[in-house]
Amino acid sequence: MSDTSTTLADSPQSQSDLQTLAPAWHMAGVLLLLVGLVGLSMSMRAGHTHHRLLGYSISIAAEWLIVGFIWLGARWGGPSLRTLAGAIAPSWRSILRDIGLAIAYLVVANILLGGISFLLARLLGPSKGGSLQNMLPQGGLENVVFLLLAVTAGFCEETIFRGYLQRHFTAWTRSAVAGIAAQGILFGVAHAYQGLNMIVVIAFYGCFFGLLANWRKSLRPGMIAHFVQDGVGGLLLARHALR
C-alpha cells in the first residue's frame, strides 16, 4: 500500500506539525474573512439575477483575498500554500491518477448526497431559501466568468477548508475525524445563501472532500472534483434551465 493511502486515524499530531500552525489571531482573521464572504454572498445572490457578473467577480476577489491572507500567514510561522496542498507530484501518471480519483469521488459522493437530499426533503420539506437558479450563468460572457469562478472555488475553497482549516482543527483537537467534521460544518455554513437543506447537504459534501484529502494526503483530487462539480455541473444545469 502506498503512503498516499493511509487510513483515517485519530493519532495525536507530532510536535513538528503543531509548530507549523499559524497563530490563533491569524485563524481568527481567516474566519472573519469567511464571515464577510458569506454576508456578501447572501446579499448579492438573493434574487438579484441582473447582478450575476458582479456577484461572480466579487466572489472571485474575496476567495483569492482569503488565500492571499493564508499565504501571508507563512511569514508568521504558519504553513505555506505548498505545505497545505500536500503531495502534488508533477508526473503525468500522478495527474491522471488524481483525475481518475476525482471522477470516482464525484460519482460516489453525488449518489450519497442524493440520498441525503431526499431524506432532508422528507423530514424538513423542500428548501425555501435557496438561490441556485439565480446564480446560473446566461450568455457567453457569464459562462466564461462563471468558469473562472469555478476554477477559483476549486483552488481557493479546497485550500481554505481542506488545507488550512482542516489542518488546524485536526491539530488542535488531535483528531482527524474532528478536523474533517469541523471544516465540513463551516463549509456548509459558508453556503448559507442556498437554504437550510443545502447547508446540511453541503456540510456532508465538505466532509466527503475532507475524507478524500485526508486519504490522498493531497488537495489536487478535491480541487479537480470541485471544479468539475461547480463549473461543468453549473453549465449543464444552466443549459437545462434555459430550455
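The values are calculated or read from the model by the stated rules, or taken from the named source; none is laboratory data. In this text, all values refer to a predicted model and were calculated from it rather than measured experimentally. Cβ coordinates were reconstructed from backbone atoms using ideal geometry, including for glycine residues, and neighbour counts include every protein chain displayed.
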Report, by residue number, each residue of the range 169-185 that is closer than 13 Å to PHE204 by Cβ and of a type outside the set (Val, Ile, Thr).
ALA181, GLN183, GLY184
Against the definition (in contact with an Asp or Glu (Cβ under 7 Å, 6 or more places away or on another chain), more than 20 Å from PRO79 (Cβ to Cβ) and buried (at least 17 other Cβ atoms within 10 Å of the Cβ)), how does ALA238 come out, yes or no?
no
Exception for HIS50 within (1) closer than 18 Å to HIS191 by Cα; (2) at pLDDT below 95; (3) part of a helix (DSSP H, G or I) falls at (1)
Does the range 176-211 hold any residues that are assigned to a helix (DSSP H, G or I) and of a type outside the set (A, V, I, L, M, F, W, C), and which are they?
GLY179, GLN183, GLY184, GLY188, TYR193, GLN194, ASN197, TYR205, GLY206, GLY210
Please note which helices (runs of 4 or more DSSP H) are completely contained in the range 65-142 and include at least 2 residues that are within 27 Å of LEU236 (Cβ to Cβ) and not acidic (Asp, Glu).
92-124, 132-135
PHE69 versus (1) surrounded by 13 or more Cβ atoms within 10 Å (Cβ to Cβ); (2) at pLDDT 95 or above; (3) out of contact with any Phe, Trp or Tyr (no Cβ under 9 Å at 6 or more places or on another chain); (4) more than 24 Å from VAL189 (Cβ to Cβ): which is the lone unmet condition?
(4)
When you go through GLY195, GLY234, GLY163, GLY154 one by one, which is the residue that is touching a Lys or Arg at 6+ places or on another chain (Cβ under 7 Å) and either over 29 Å from PRO23 (Cβ atoms) or modelled with pLDDT of 95 or more (or both)?
GLY195
